[in-house]
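Working notes, beginning with the structure itself.
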Amino acid sequence: MKAFAQLVDTLGATTKTNEKIAALEQYFLLANDKDKVWVIALFSGRRPKRTISSTLLKNWCSEFCNIPLWLLNECYHTAGDLSETIALIVEASSTLQEAPQAHPLHYYIEQFVSLEKSTEEDKKNFMLQGWAQLESTTEKFVFNKLLSGSFRIGVSQQLMVHALAKVSGASPAVIAHRISGKWNPATITFNELLSDENNVADISKPYPFYLAYPLEDAVETLGSIDDWQVEWKWDGIRGQVIKRNDNLFVWSRGEELMTEKFPEYNLFLNSLPNGTVLDGEIIVAEGATPLPFALMQTRIGRKNINKKIMEDAPVSFFAYDILEYNGEDYRNIPLQQRRQKLEEIVALTATEKMQLSPLLQCANWNELAQLRQQSREHYAEGFMLKRKESVYQTGRKRGDWWKWKIEPLTIDAVMIYAQKGSGRRSNLYTDYTFAVRDGENLIAFTKAYSGLTDKEFAQVDAFVKHNAIEKFGPVRTVKPELVFEIAFEGIAISKRHKSGVALRFPRMSRWRQDKKATEINTLEDLKKMLEIYGK
Amino acid sequence: MFPLIQFTEKGLYCTAGDFYIDPWKPVDKAIITHAHSDHAIAGSKKYLCHTLTKPILQLRLGEGVYETTEWNKAHFINGVKISLHPAGHIIGSSQVRLEYKGEVWVFSGDYKTEDDGISGAYEPVKCNTFITESTFGLPIYKWKPQQQIYAGIQNWVLQNRVEEKTSVLIAYSLGKAQRVLDALKDVTDTVFAHGAIYNMQQVIEKLGYNFVNVQRITPETTKQELKNAIVIAPPSADGTTWMKKFNPYRLGVCSGWMQVRGNMRRRNADKGFVLSDHCDWDGLVSSVKATGAEKVFVTHGFQAVFSKYLNENGIEAEEVKTQYGIEEEENTSEQKIELL
């Protein structure tokens with residue numbers, strides 16, 4: 001545990017990528033095998049199932065440290081992280097009576113897993129023992145964190161992949177492929193996880209996604225339009241459809257296995273050849289006609305997908321790339337040729353659930369720019385521009401693939417509530433609720449957390465601290481005075497919101513210091529936007 | 001009858017004595033607890049402060065009428081008995097005790113309970129009514145002993161030297177910088193300083209505090225001189241191009257806010273040293289109890305939380321809004337505003 005706590009501290013204590021990789025490398029060289037596997041699992045978002053609720057943790061901490069629950073909650077709202085809050089409070093109130101114990105990381109994880117069916121008393125004893133025996137605040141923090149959340153400490157999967165590549169000697173792309181996918185950290189060994197042999201057996205594995213950067217320069221800088229393949233940039237869920245050994249798998253870009261969520265795709269089992277991996281977009285659509293994304297949200301969170309949901313929010317797969325054919329890795333074949341193969345394969349499926357993402361033909365960039373204005377009508381967010389000669393790379397890379405998005409919709413609104421953020425925004429009011437005018441009233445219609453610079457956030461934070469009116473738990477109502485331009489990608493009807501609308505990807509695009517709260521947009525304006533873009 | 005101290009729009013006002021304590025607007029008579037900018041503003045006709053505070057006020061506010069006093073010495077204004085008592089916050093920092101017709105009020109100013117060896121050891125003062133700050137009024141704020149933090153700073157600097165990196169420590173020019181210099185005297189003879197810290201240090205040295213040789217960083221200071229050196233800079237310099245000269249360097253931020261990981265990440269610091277000139281939670285609670293006050297007013301910081309806690313524990317408390325707490329160092333958000 002000490003070594004892992006040390007790693008967490010080192011990772012937290014540097015902002016430099018190279019130093020982070022070096023720290024991970026060092027850890028992977030020295031730690032025991034079981035711990036290493038768990039660290040890979042934790043840093044790639046594979047936390048074991050939670051066996052103790054945060055409510056229980058809070059209660060026990062409150063009791064153990066003799067502080068009232070409300071005070072613990074205040075601390076939590078300021079620190080922004082429950083594991084850290086508890087670690088700090090426990091550290092502050094305890095004088096180490098017991099000799100410190102340093103079990104390895106996997107011991108604690110295995111204990112937590114085995115506590116699933118234990119009595120509350122046993123769970124409590126284990127937590128209290130941990131708090132009493134672990135020496136530093138970081139060790140206590142990590143201990144709590146094993147239960148209560150993901151490790152957001154500035155380590156991307158990519159960083160870890162690089163460190164593992166250095167330790168094992170395999171290429172980063174191979175490592176990324178190996179650790180994405182289905183494996184059980186409780187049973188796999190470090191060598192199995194990183195060895196080729198076992199990965200052959202694991203037929204579900206997706207390829208790491210190739211991601212595009214937004215186009216920042218003028219589109220003409222890309223050279224001749226003839227070198228580029230142009231498609232709509234779909235507003236769905238990026239995914240891979242895999243058929244191997246007569247099994248079908250659907251992966252999201254977040255490397256989450258989503259096969260069960262899209263039973264419609266089982267149709268592909270009949271028609272796709274074994275050893276096929278397609279990259280594409282999961283879209284709510286009637287065959288080739290996309291529907292508003294808001295419909296997707298009605299089925300995404302569901303555990304069981306029944307017939308009614310499939311009828312109300314049908315999905316198609318808009319395929320735009322082929323990564324594996326006949327069991328052979330196709331990623332190094334130029335896009336143009338991959339596309340031909342893709343078209344052949346999609347033609348085989350003969351179901352409206354499988355669509356080919358159409359190619360858009362324009363004589364020049366100017367014409368394309370014209371066409372871009374129609375994106376919203378196609379439920380697209382703009383274009384994807386892909387170099388015809390490009391291979392399928394790993395991760396976000398510049399040069400060959402670009403997303404050329406349309407300008408977002410905007411509306412001016414006034415901030416009415418504020419709440420403190422978490423992580424690097426702890427103890428800062430960074431989460432705001434905005435309202436538009438409706439006659440004399442202000443109607444809340446969206447929250448937004450992003451888009452301001454650190455300096456602007458600091459100013460707004462100071463405003464909130466001096467202009468808070470009322471307190472509702474962690475939320476402050478503030479004087480409706482600060483006006484922001486809210487940018488968003490789409491708008492839809494919502495029964496859950498008082499305003500009657502729900503926005504897609506709202507963020508603060510500008511602080512309108514030139515505008516007064518009386519000059520903001522109205523509910524009527526929002527409804528007009530809904531009329532134009534939301535149907 | 002008016003209470004002995006009223007909270008007015010200019011600041012804390014003593015009706016019977018007709019004077020203010022730490023006003024945030026110019027007044028006729030101002031008693032100053034300490035020289036931080038949120039407690040001492042220019043433009044008042046007369047000031048009363050501790051002897052050690054006067055030269056710092058002169059540096060920051062310019063010339064004026066400054067009457068000085070020592071701790072535990074009685075003064076009378078319109079029949080109100082006034083005395084200053086050590087607050088342990090920074091050099092010269094004082095609590096203000098007022099006594100009138102048998103009633104005693106104490107305003108803490110900013111204070112910390114641990115004796116830092118520089119600021120004078122805090123002494124609890126018995127009173128009927130206590131006005132306390134609450135900058136770090138949450139139980140997550142618990143400070144380690146100063147010796148331990150100093151050792152951390154020293155080890156960090158030595159390690160950076162081994163790795164051939166310059167150590168840049170961010171510390172507010174008045175208060176924190178002196179403690180950091182104090183910590184560094186065991187590992188170095190010379191420290192390079194930003195102009196703001198250098199200027200302050202000139203005044204502090206005249207008051208008899210010599211830690212190490214402090215050299216001002218000027219456009220003439222060469223990169224060679226700064227190689228592997230130790231630099232102290234105020235928060236306002238953090239993130240500016242002025243820092244480029246120190247490359248390669250590591251950045252250490254000295255502040256109580258570094259207690260929480262997210263704050264450290266926000267500052268993009270390589271290292272956070274949890275070094276504060278304010279009370280931690282236990283310090284606040286124990287101080288309030290030690291005053292024996294029947295009534296407590298809680299100012300800048302976590303007023304609502306701390307007063308609720310006191311009320312639940314049988315001490316009548318109320319939160320008060322003041323303009324304090326805008327000291328750049330001790331407020332995470334507002335320290336950045338100063339950059340604008």
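Could you grab me the full set of residues in region B:177-186 that are over 19 Å from the mean Cα position of the chain (by Cα) and either under 24 Å from B:Thr218 (Cβ atoms) or at pLDDT 95 or above (or both)?
Keep residues of region B:177-186 that are over 19 Å from the mean Cα position of the chain (by Cα), which gives B:184-186.
Answer for region B:177-186, where residues must be over 19 Å from the mean Cα position of the chain (by Cα) and either under 24 Å from B:Thr218 (Cβ atoms) or at pLDDT 95 or above (or both): B:Leu184, B:Lys185.
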Odd one out for B:Asp238 among (1) crowded, with 20+ Cβ neighbours inside 10 Å; (2) within 12 Å of chain A (Cβ to nearest Cβ); (3) within 29 Å of B:Thr53 (Cβ to Cβ): (1)
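Is it the case that B:Lys46 is of a type in the set (D, E, K, R), at pLDDT below 95 and on the phi < 0 side of the Ramachandran plot?
Numbers: of a type in the set (D, E, K, R): yes; at pLDDT below 95: no; on the phi < 0 side of the Ramachandran plot: yes.
Spelling it out, it is not the case that B:Lys46 is of a type in the set (D, E, K, R), at pLDDT below 95 and on the phi < 0 side of the Ramachandran plot.
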Residue list for region A:22-50, restricted to those being surrounded by fewer than 20 Cβ atoms within 10 Å (Cβ to Cβ) and either aliphatic (A, V, I, L, M) or outside the structural domain of A:Trp131 (by TED's automatic domain parsing) (or both): A:Ala22, A:Leu29, A:Leu30
Sole residue being surrounded by fewer than 19 Cβ atoms within 10 Å (Cβ to Cβ), of a type in the set (Lys, Arg) and at pLDDT below 90, chosen from A:Lys303, A:Lys261: A:Lys303
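Taking region A:33-82 as the search range and keeping residues that are among the small types (Gly, Ala, Ser) and at pLDDT below 95, which one is nearest to B:Ser134 (Cα to Cα)?
Applying the first criterion (among the small types (Gly, Ala, Ser)) to region A:33-82 yields A:41, A:44-45, A:53-54, A:62, A:79-80.
Now restrict to residues that are at pLDDT below 95: A:41, A:44-45, A:53-54, A:79-80.
Numbers: A:Ala41: 42, A:Ser44: 40, A:Gly45: 39, A:Ser53: 32, A:Ser54: 28, A:Ala79: 16, A:Gly80: 19 Å.
Here the residue is A:Ala79.
Please find, among A:Thr14, A:Thr10, the residue that is surrounded by fewer than 20 Cβ atoms within 10 Å (Cβ to Cβ), free of Cβ contacts under 8 Å to residues at least 12 places away in the same chain and hydroxyl-bearing (Ser, Thr, Tyr). Can you show your working first?
On the way: A:Thr10 fails: free of Cβ contacts under 8 Å to residues at least 12 places away in the same chain.
Matching residue, one of A:Thr14, A:Thr10: A:Thr14.
Hey, among A:Leu71, A:Leu88, which residue is within 12 Å of chain B (Cβ to nearest Cβ), free of Cβ contacts under 8 Å to residues at least 24 places away in the same chain and in contact with a helix residue (DSSP H, G or I) (Cβ under 9 Å, 6 or more places away or on another chain)? Outline the logic, then answer.
Details: A:Leu88 fails: free of Cβ contacts under 8 Å to residues at least 24 places away in the same chain.
That would be A:Leu71, the only listed residue that is within 12 Å of chain B (Cβ to nearest Cβ), free of Cβ contacts under 8 Å to residues at least 24 places away in the same chain and in contact with a helix residue (DSSP H, G or I) (Cβ under 9 Å, 6 or more places away or on another chain).
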Residue ID - surrounded by the most Cβ atoms within 10 Å (Cβ to Cβ), chosen from residues in region B:11-25 that are without any contact (Cβ under 8 Å) to a residue 60 or more places away in the chain and part of a loop (DSSP other than H, G, I, E, B): B:Pro23
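Tell me the residue from B:Asn263, B:Asn228 that is among the polar types (S, T, N, Q) and at pLDDT below 90, please. Give the steps one after another, and end with the answer.
Numbers: B:Asn228 fails: at pLDDT below 90.
Within the list B:Asn263, B:Asn228, the selection yields B:Asn263.
Do any strands (runs of 3 or more DSSP E) entirely within region A:341-457 hold 1 or more residues that are surrounded by 15 or more Cβ atoms within 10 Å (Cβ to Cβ), among the hydroxyl-bearing types (Ser, Thr, Tyr) and modelled with pLDDT of 90 or more, and if so, which?
Working: elements: A:354-356, A:380-387, A:395-405, A:409-420, A:429-438, A:441-448.
Strands (runs of 3 or more DSSP E) meeting the threshold: A:409-420, A:429-438, A:441-448.
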Region B:299-320: number of residues that are more than 10 Å from every other protein chain (Cβ to nearest Cβ), closer than 19 Å to A:Val464 by Cα and assigned to a loop (DSSP other than H, G, I, E, B): 1
Any hit, region B:136-143, residues being outside any helix (DSSP H, G or I), more than 14 Å from every other protein chain (Cβ to nearest Cβ) and buried (at least 24 other Cβ atoms within 10 Å of the Cβ): no
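Restricting to region B:153-176, count the residues that are under 18 Å from the mean Cα position of the chain (by Cα) and more than 13 Å from B:Gly252 (Cβ to Cβ). First the steps, then the outcome.
Of region B:153-176, the ones under 18 Å from the mean Cα position of the chain (by Cα) are B:169-176.
Filter again for more than 13 Å from B:Gly252 (Cβ to Cβ), leaving B:172-175.
The number of residues fulfilling the criteria is 4.
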Those residues of region A:324-340 which are in a loop (DSSP other than H, G, I, E, B) and of a type outside the set (D, E, K, R), in sequence order: A:Asn326, A:Gly327, A:Tyr330, A:Asn332, A:Ile333, A:Pro334
Top-ranked residue of region A:437-476 - restricted to ones that are among the acidic types (Asp, Glu) and touching a strand residue (DSSP E or B) at 6+ places or on another chain (Cβ under 7 Å), ranked as farthest from the other protein chains (Cβ to nearest Cβ): A:Asp438
Single unsatisfied condition, A:Ala186 versus (1) closer than 22 Å to A:Asp321 by Cβ; (2) outside the structural domain of A:Glu344 (by TED's automatic domain parsing): (1)
Residue match in region A:229-251 (condition: buried (at least 22 other Cβ atoms within 10 Å of the Cβ) and out of contact with any strand residue (DSSP E or B) (no Cβ under 6 Å at 6 or more places or on another chain)): no
Any hit, region A:31-54, residues being more than 25 Å from the chain's Cα centre (by Cα) and either assigned to a loop (DSSP other than H, G, I, E, B) or within 14 Å of chain B (Cβ to nearest Cβ) (or both): yes
Number of positions in region B:241-288 that are more than 12 Å from chain A (Cβ to nearest Cβ), among the hydrophobic types (A, V, I, L, M, F, W, C) and buried (at least 22 other Cβ atoms within 10 Å of the Cβ): 5
Top-ranked residue of region B:1-10 - restricted to ones that are out of contact with any strand residue (DSSP E or B) (no Cβ under 7 Å at 6 or more places or on another chain) and hydrophobic (A, V, I, L, M, F, W, C), ranked as surrounded by the fewest Cβ atoms within 10 Å (Cβ to Cβ): B:Met1
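Quick one: which strands (runs of 3 or more DSSP E) lie wholly within region B:75-124 and hold at least 2 residues that are under 25 Å from B:Trp281 (Cβ atoms) and within 22 Å of the chain's Cα centre (by Cα)?
Fully inside region B:75-124 and qualifying: B:80-86, B:94-100, B:103-107.
Among the residues of region A:59-69, which ones are surrounded by fewer than 18 Cβ atoms within 10 Å (Cβ to Cβ) and at negative phi?
We begin by selecting, within region A:59-69, every residue surrounded by fewer than 18 Cβ atoms within 10 Å (Cβ to Cβ); these are A:59, A:63, A:66, A:68-69.
A:Asn59, A:Glu63, A:Pro68, A:Leu69, listed by residue number.
The values are calculated or read from the model by the stated rules, or taken from the named source; none is laboratory data. The structure displayed is predicted, hence computed values, not measured ones. Heads up, the Cβs are rebuilt from the backbone with ideal geometry, glycines too, and the neighbour counts pull from every protein chain shown.
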